[in-house]
Amino acid sequence: MSLVIGLTGGIASGKSTVSDLFREYNIPVVDADVVAREAVEPGEPALRAIIESFGEDILLQDGTLNRPKLGSIIFQDEKKRELLNNIVHPVVRERMTAERDRLKKTYPAVVLDIPLLFEGKQLQLVDKVVVVHVDSSVQLERLMQRNELTEQAALDRINSQMSLDQKASKADAVIDNNGTRKQTRDQLEKLLTAWEMIDK
């Protein structure tokens, strides 16, 4: 039986670092963000549905989605965020499920990297949940630097998600990502050993 691990956290919590570390242990990762980007490429039904709901203004000149523009709309309006999620999430879920089932035939463990694992009520897709956690001050600082956002714009994005503390309370395991990459890796190795995914 292949174990399906749901990896989640908050924006700028360092989830991609942990994804990369899983891959170093030869555990494949299906990334919801990558699948979501593919689902809204030109010609895809989901992009057509987004245009119908939000208008042609959310496209760049080359016909691709203007992500920053769409982001600025949905992070300030819960109804619009819900509308977008209702378009994109079912497509992403279907594609991720197919990829998960394909990989389960080959690997003893598969990771589904899903930022909105709890918010999107997608726990049925996974067997165990790992939350990547950082202090709220670290999260805010990293997001402002990474995306060149004002403090308010960064807070809007952070507050649009369930808090990291809430997610941590619902997880099977929590990885503290406040420290160095090595410290994070050591925690993951300990966890994978405990779950008998790797031999020590």
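Whether a residue is modelled with pLDDT under 95 and within 20 Å of Thr17 (Cα to Cα) was assessed, and Pro108 does not pass this test. Taking the conditions (1) under 29 Å from Thr97 (Cβ atoms); (2) of a type outside the set (A, V, I, L, M); (3) at pLDDT 95 or above in turn, Gln122 satisfies each one other than (3). Only a single item in (1) closer than 29 Å to Val174 by Cβ; (2) surrounded by 12 or more Cβ atoms within 10 Å (Cβ to Cβ); (3) hydroxyl-bearing (Ser, Thr, Tyr) is not met by Ser72, and it is number (1). A single entry from Asn66, Asn85 fulfils the requirement of being open to solvent by 40 Å² or more (accessible area, probe 1.4 Å) and not charged (D, E, K, R): Asn85.
Inclusion of Asn159 among residues that are touching a His at 6+ places or on another chain (Cβ under 8 Å) and either touching a residue at least 40 places away in the same chain (Cβ under 8 Å) or farther than 22 Å from Phe22 by Cα (or both) is not warranted. Entry remark, the stretch 167-186: residues being more than 18 Å from Thr17 (Cβ to Cβ) and in contact (Cβ under 8 Å) with a residue 24 or more places away in the chain number 2 in total. Scoring Lys167 on the criteria (1) farther than 13 Å from Gly10 by Cβ; (2) at pLDDT 95 or above leaves a single failure, condition (1).
The values are calculated or read from the model by the stated rules, or taken from the named source; none is laboratory data. Remember, predicted model here, so these are calculated numbers, not experimental data. For neighbour counting, all protein chains shown are included, and Cβ atoms are generated from backbone atoms with ideal geometry for every residue, glycine included. These accessible areas exclude ligands, DNA and RNA; they are computed on the full protein's heavy atoms, side chains included. Shrake-Rupley method; radii C 1.70, N 1.55, O 1.52, S 1.80 Å.
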